[in-house]
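Asker: Take a look at the following structure, please.
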Amino acid sequence: MRQIMTTILPRTIDKIIFDEMNGYYLNKSNVEVNINNSEEDNKKYLGTYFPRSFSEALTIMNDIYAQKLIRKHIIGKQQINILDIGTGSGGNIVGMMEFFRTAGLNSETINFHTLEGNANAIALQKNIFDSYNQKNATKFKLSCTQIRFTSAATLNSQLVLFLKQKGLAFDFITSFKFLSEFYNIDYFQAKGIYTSFVMTLQNYIAPQGILILFDLVSGNIDRNRPRPFTTQIMSEELNDYTKSNISQLKYILPVCCGKWSDTCNRKMCYIERQFCTQHSRKANDLSKGCYRVMTETRFANQIISSQPSENKYQMSQNSKSPTTCFRTVIQKLLPNMNQVNILNAFTFH
Ligand SMILES: C[S@@+](CC[C@H](N)C(=O)[O-])C[C@H]1O[C@@H](n2cnc3c(N)ncnc32)[C@H](O)[C@@H]1O
């Protein structure tokens, strides 16, 4: 079985969240909806989930940057504008800051535009952002807007209103563990929002810009209200998006989706990547996420055509049922199998 790499939370960030902001780690806590979090709830989120979001975003950014066409494009930008939706206290944007800093990009040219509905989470986000800049001698810019999306039905119209006023095309649009909150509130009302969300956002992405949509794989939390896993919902709804004749974006990660989504008719595909985070309160903190990285079709085709075709791609690292995809055929990965020609679907090769 493939080894999961461990990301160590940098000491400076560990200090910010646990010592300066009083975050605390709570083992086995399960948070489904965070919009109404109290100050106490946010401290728990900060100590328990922030480090995971940090390493998930940092890992994904490093993976994307390893692709030479993308790297060339990012390095060539004079300014980088990032839109992040459902930022909370900022775990994933701090992961991105760490990526940009360690990649040696000029922080002064990098602007984060964040949207969040919880006032206390915003206060934490701003403090953490400033403290990160101060401790690392960086000059990232943050423009944070408090906005509460009243329901799944109004999410896109509220977003369009904001984006029209903003008048920017974004080089990165990211959203981590946000849309699942609508499903956790009301599955039936939320149905279709992954599709409509990307339909909306495709109009505000810069040429060769990157969209990262990340969520927890999370399953059926309430036995009385059965529903598919979030990862299956994401697969289903984003495939609806890519199959639409007005879609402008295409998958680049997982690579197998980039390769074969045009002919993929699988229903409710289960995609899972595991991440491991280490910090002062927990040595091996395992998290399980699902995500897609997308970009405009022409650029995506260029990137994907450089990836090997005659291999299976492991697109689920689920410990009970790891699976591979080869030309849309899913196969269970068995321990006695020869794994030499199986590639990781979440990285470029
Ligand atoms: C699970 S947290 C994720 C935070 C961060 N992106 C991360 O990965 O750690 C989801 C965030 O979305 C925000 N959120 C959820 N529903 C919202 C809504 N209807 N309007 C605005 N923000 C919302 C929550 O307040 C919370 O901060």
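Each reported figure results from applying straightforward, stated rules to the coordinates on display, with no laboratory input. Keep in mind that what you see is a predicted model, and the values were worked out from it rather than measured. Cβ atoms come from the backbone with ideal geometry, glycine included; neighbour counts cover every protein chain shown.
Asker: Out of Tyr270, Ile80, Ala137, whose Cα points farthest toward the positive end of the dipole of the chain (charges: +1 Lys, Arg; -1 Asp, Glu; placed on Cβ)?
Answerer: Checked the options; the winner is Tyr270.
Asker: Using the crude model of +1 on Lys and Arg Cβ and -1 on Asp and Glu Cβ, and no other charge, please compute the dipole size for the chain relative to its Cα centre, in debye to 20. Display every interim value, and only then the final one.
Answerer: On the way: 39 positive and 27 negative charges, 146 e Å.
Dipole size: approximately 700 debye.
Asker: I want to make sure I understand the PRE zone here: with the label point 7 angstrom from the Cα of Lys126 toward its beta carbon, which residues in the range 77-111 have backbone N atoms less than 15 Å away?
Answerer: Zone members listed by number: 88-90.
Asker: What does the extension gain come out to for Ile147 and Arg71, with contour length at 0.36 nm per residue minus their alpha carbon separation? Each step should come with its number before you reach the end.
Answerer: Numbers: separation 76, 0.36 × 76 = 27.36 nm, distance 3.26 nm.
Stretched fully, the Ile147-Arg71 segment lengthens by 24.1 nm.
Asker: Highest first, please rank the peptides 305-313, 6-14 by the mean number of other Cβ atoms sitting within 10 Å of their residues.
Answerer: Numbers: 305-313: 14.4, 6-14: 17.6.
Highest to lowest by the protection proxy: 6-14, 305-313.
Asker: Ranking request for peptides 44-54, 134-144: highest mean number of other beta-carbon atoms within 10 Å first, then the rest in descending order. Walk me through the intermediate numbers first.
Answerer: Numbers: 44-54: 24.6, 134-144: 15.1.
Highest mean packing first, the order is 44-54, 134-144.
Asker: Below 20 Å, Cα to Cα, which lysines can Lys43 reach? Residues fewer than 8 away in the same chain don't count.
Answerer: Correct list for Lys43: Lys15, Lys28, Lys126, Lys177, Lys282.
Asker: Suppose each label sits 7 Å from its Cα in the direction of the beta carbon; what would the Ala119-Val340 distance come out to in nanometres?
Answerer: Each label point is offset 7 Å from its Cα along the Cβ direction, giving 6.3 nm.
Asker: Quick one: what do you get for the range 252-349 if you divide its Cα Rg by 2.2 N^0.38 Å? Spell out each step's value before the answer.
Answerer: Working: Rg = 14.6 Å, N = 98, 2.2 N^0.38 = 12.6 Å.
The value comes to 1.16.
Asker: Rg and Dmax of the chain, Cα atoms, in Å?
Answerer: Rg and Dmax of the chain, Cα atoms, are 19.1, 57 Å.
Asker: Still on this structure, please answer the following. To check you understand DSSP bridge types, tell me what percent of the beta bridges within the chain (both residues inside) are antiparallel, rounded to 5. Each step should come with its number before you reach the end.
Answerer: Details: 23 of 51 bridges.
Antiparallel bridges: around 45 percent, rounded to the nearest 5.
Asker: Something else about it: Which of the peptides 329-339, 146-156 is most tightly packed, and how do the rest follow, judged by the mean count of other Cβ atoms within 10 Å per residue?
Answerer: The densest-packed peptide leads the list: 146-156, 329-339.
Asker: Further question on the same structure: In whole Hz, what ³J(HN,Hα) sequence does the range 192-200 give by Karplus (6.51, -1.76, 1.60; θ = phi - 60°), x for Gly and Pro?
Answerer: x, 6, 4, 5, 5, 4, 6, 4, 5
Asker: What cysteines in the chain have no other cysteine with a beta carbon less than 4.7 Å from their beta carbon?
Answerer: Among the cysteines of the chain, those whose Cβ sits 4.7 Å or more from every other are Cys144, Cys257, Cys264, Cys269, Cys276, Cys290.
Asker: Determine, for Thr297, Thr59, the number of other Cβ atoms within 10 Å of each Cβ, and report the residues in order from fewest to most.
Answerer: So the residues, fewest neighbours to most, are Thr297, Thr59.
Asker: Going Cα to Cα from Lys259, which lysines come in below 19 Å? Please leave out same-chain ones fewer than 8 positions away.
Answerer: Within the straight-line limit of under 19 Å, Lys259 reaches these lysines: Lys68, Lys243, Lys250, Lys267, Lys312.
Asker: Excluding same-chain residues fewer than 8 positions from Lys320, which aspartates and glutamates have a Cα within less than 12 Å of its Cα?
Answerer: Filter leaves Glu272.
Asker: Please state, to two decimals, what the Cα-based radius of gyration of the range 301-349 comes to when divided by 2.2 N^0.38 Å (N = residues). Could the numbers behind the result be given before it?
Answerer: Details: Rg = 11.2 Å, N = 49, 2.2 N^0.38 = 9.7 Å.
Rounded to two decimals, the normalised Rg is 1.16.
Asker: Taking the beta-carbon count within 10 Å as an exposure proxy, list Tyr270, Tyr132 from fewest neighbours to most.
Answerer: Values: Tyr270 18, Tyr132 23.
Listing Tyr270, Tyr132 from fewest to most nearby Cβ atoms yields Tyr270, Tyr132.
Asker: Any idea which of Thr154, Ser175, Asn127 is furthest toward the positive side of the dipole for the range 6-309, if Lys and Arg beta-carbons carry +1 and Asp and Glu beta-carbons -1?
Answerer: The residue sitting farthest along the positive end of the dipole is Ser175.
Asker: Going by C-beta contacts inside 10 Å, put Arg273, Arg281, Arg71 in order with the fewest on the left. Don't jump to the answer; show the numbers that get you there.
Answerer: Numbers: Arg273 28, Arg281 18, Arg71 13.
Listed from fewest to most nearby Cβ atoms, that is Arg71, Arg281, Arg273.
Asker: Nearest 500 deg cm²/dmol is fine: what mean residue ellipticity at 222 nm does the chain get from its DSSP H runs of n ≥ 4 alone, each adding -39,500 (n - 2.57), divided by its residue count? Don't skip to the end; give the middle numbers.
Answerer: On the way: 13 runs with 129 residues, N = 349.
Only helices count here, giving -11000 deg cm²/dmol.
Asker: Also, quick follow-up: Could you point to the residue in Leu334, Asn111, Tyr65 farthest towards the positive end of the chain's charge dipole, with +1 and -1 charges on the Cβ of Lys/Arg and Asp/Glu respectively?
Answerer: Looking along the dipole axis, the top candidate is Leu334.
Asker: On to the next question. Please list the three semi-axes, largest first and in whole Å, of the ellipsoid equivalent to the range 1-126, using sqrt of 5 times the eigenvalues of its alpha carbon gyration tensor.
Answerer: Values: eigenvalues 141, 64, 34 Å².
Computed over the range 1-126, the values are 27, 18, 13 Å.
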